[in-house]
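See structure below.
The values are calculated or read from the model by the stated rules, or taken from the named source; none is laboratory data. Because the structure is a prediction, the values reported are computed rather than measured. When we count neighbours, we look across all protein chains shown, and the Cβ atoms used for this are built from the backbone with ideal geometry, even at glycine. Note: areas computed on protein heavy atoms with side chains; ligands, DNA, RNA excluded. Shrake-Rupley method; radii C 1.70, N 1.55, O 1.52, S 1.80 Å.
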Amino acid sequence: NGRVSSTSRIDLTFPPASRRPHMGLLSSPVAKWRLAADGDRAEGGSREWAETSSSDDESPDFKKIEKTETQIAIEERMHFRTVYDQAAWRRHRSPFRLYQRLWQMNRSKVIQNIGPSLAWIAFLSSMVVIYMHLHDQHSLPGWCPSISPNAACASFISNTSVALSLLLVFRTNTSYSRWLEARKMWGSLLNRSRDIMRQGCTMFSETAHKEALARWVITFAWCMRVHLQPDEIDLERELMLILKPAELTMLMAANHRPVMAIQVLAQIVSLSRLDANLETQISANLTHHHDILGGCERLLRAPIPLSYTRHTARFLFVWLSLLPFALYSSVQEWTVPVTVGIAAVLCAIEEIGVTIEEPFTILPLESIVSRISADVTHTLSDHDATQAVIMEAMGLSSQVKLSTGNGDWNGRGMLNAQPGQISAHTGAETGQQATLVQ
């Protein structure tokens with residue numbers, strides 16, 4: 001399902017902090033290796049990556065830490081994080097999927113989570129069956145009444161079934177809409193990050209500005225993940241090979257790190273001295289980052305109205321508790337399996353709604369952040385080579401000069417100019433001139 005296969009090995013061992021020098025985003029082969037590995041992991045690849053450390057930098061021994069309740073809950077939620085590729089989709093469409101899903105039911109996290117509810121329904125149904133069996137055998141005192149047929153319970157079940165169905169469907173649909181909105185926002189974050197890096201590589205004149213933009217685009221993605229999944233990773237450790245020491249110190253001291261990352265991105269754009277129109281284009285993407293941050297915080301902090309959730313849970317509990325009293329007169333000895341089967345279906349629907357209501361602990365944010373890191377890094381590292389190939393294919397010299405009223409071409413993919421008519425001059429060896437109209 002898009003996870004690293006068991007045959008893959010990704011070594012994320014680091015030397016002690018005291019002996020760990022800062023390595024820039026471009027100059028560090030380890031940083032490049034990590035981002036490339038993360039990119040392949042995001043694509044669901046099973047390529048083997050191994051990094052051997054020298055004897056001088058042996059990894060320290062880590063103490064065994066007992067799993068806390070939070071860690072166990074995180075591991076259970078991580079089961080739902082899937083990233084599909086074509087092979088996974090083929091398995092998903094398998095003609096034997098019904099048999100496979102039935103065979104794998106014992107591993108279903110949904111079934112495991114509703115186990116306590118099913119245990120209660122099974123116990124109550126068993127008590128009803130035992131009581132009626134003893135009553136029919138005249139093994140009970142004469143003052144013990146018969147509970148079957150029970151017209152009151154049967155009438156309640158039949159008259160409220162539609163209402164219960166509507167409640168469950170509405171709750172599940174609302175939860176799914178929250179999950180879908182969160183997934184769309186993170187997909188939009190991936191696209192906007194790519195777009196910001198593309199704009200920076202083609203518009204910025206200084207290499208230092210491009211590298212700073214790449215560092216902080218990746219940093220914002222990591223900050224967003226830690227903001228929504230706070231107990232899973234160490235942000236400082238993840239960014240140690242990406243940010244410079246002063247930048248990392250500033251970020252870790254910030255009160256709201258995603259907002260700080262957006263602010264730094266805005267300052268990088270401002271320091272690049274772009275034309276107003278070009279700066280507005282990049283600023284629009286940064287504004288969209290703010291919208292994504294606000295939308296994610298809204299979903300995280302505002303659940304479905306609690307009165308609705310609580311009423312649905314109470315209604316379902318009472319409905320299922322009365323079900324065996326209504327069914328015994330018609331199914332008798334089969335009351336337990338029939339009641340438990342009905343309870344499993346309805347409780348599973350309610351459990352799915354609760355599971356996806358908070359979407360961020362079940363979304364594969366790690367894969368999305370890894371994809372952002374890989375794409376931004378590759379866009380930056382491939383820009384000069386791509387530009388050289390395209391210019392050669394177009395018959396332009398590497399010393400192309402673009403003259404406009406407000407700027408010129410700097411030979412590194414940066415155009416400081418107003419949109420409009422642009423005259424491109426090739427090198428002196430050709431003496432040719434081409435006119436480009438934007």
Report, by residue number, each residue of the stretch 216-241 that is free of Cβ contacts under 8 Å to residues at least 60 places away in the same chain and acidic (Asp, Glu).
ASP234, GLU236, GLU238
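Being in contact with a Pro (Cβ under 8 Å, 6 or more places away or on another chain) and farther than 18 Å from GLU357 by Cα narrows it down to one residue among LEU102, LEU124, LEU190; which is it? Steps first, answer last, please.
Working: LEU102 fails: in contact with a Pro (Cβ under 8 Å, 6 or more places away or on another chain); LEU190 fails: in contact with a Pro (Cβ under 8 Å, 6 or more places away or on another chain).
Testing whether each residue is in contact with a Pro (Cβ under 8 Å, 6 or more places away or on another chain) and farther than 18 Å from GLU357 by Cα leaves just LEU124.
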So, in the stretch 287-329, how many residues would count as being more than 20 Å from the chain's Cα centre (by Cα) and outside any loop (DSSP other than H, G, I, E, B)?
25
Would the stretch 313-329 turn up any residue that is buried (at least 16 other Cβ atoms within 10 Å of the Cβ) and of a type in the set (Lys, Arg)?
no
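Among LEU140, LEU118, which is the only one that is assigned to a loop (DSSP other than H, G, I, E, B) and surrounded by 12 or more Cβ atoms within 10 Å (Cβ to Cβ)?
Of the residues listed, the single one that is assigned to a loop (DSSP other than H, G, I, E, B) and surrounded by 12 or more Cβ atoms within 10 Å (Cβ to Cβ) is LEU140.
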Across the stretch 240-259, what is the total count of residues that are of a type in the set (A, V, I, L, M), in contact with a Phe, Trp or Tyr (Cβ under 9 Å, 6 or more places away or on another chain) and open to solvent by 20 Å² or more (accessible area, probe 1.4 Å)?
1
Any chance GLN281 is of a type outside the set (Val, Ile, Thr), closer than 20 Å to ILE372 by Cβ, at pLDDT below 95 and buried (at least 17 other Cβ atoms within 10 Å of the Cβ):
no
Considering residues of the stretch 143-188 that are within 24 Å of ILE292 (Cα to Cα), aliphatic (A, V, I, L, M) and touching a residue at least 24 places away in the same chain (Cβ under 8 Å) only, the residue least open to solvent (accessible area, probe 1.4 Å)
ALA182
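Would you say ARG225 is open to solvent by 50 Å² or more (accessible area, probe 1.4 Å), assigned to a helix (DSSP H, G or I) and in contact with a helix residue (DSSP H, G or I) (Cβ under 7 Å, 6 or more places away or on another chain)? Break it down into steps so the answer makes sense when it comes.
Details: open to solvent by 50 Å² or more (accessible area, probe 1.4 Å): no; assigned to a helix (DSSP H, G or I): yes; in contact with a helix residue (DSSP H, G or I) (Cβ under 7 Å, 6 or more places away or on another chain): yes.
No.
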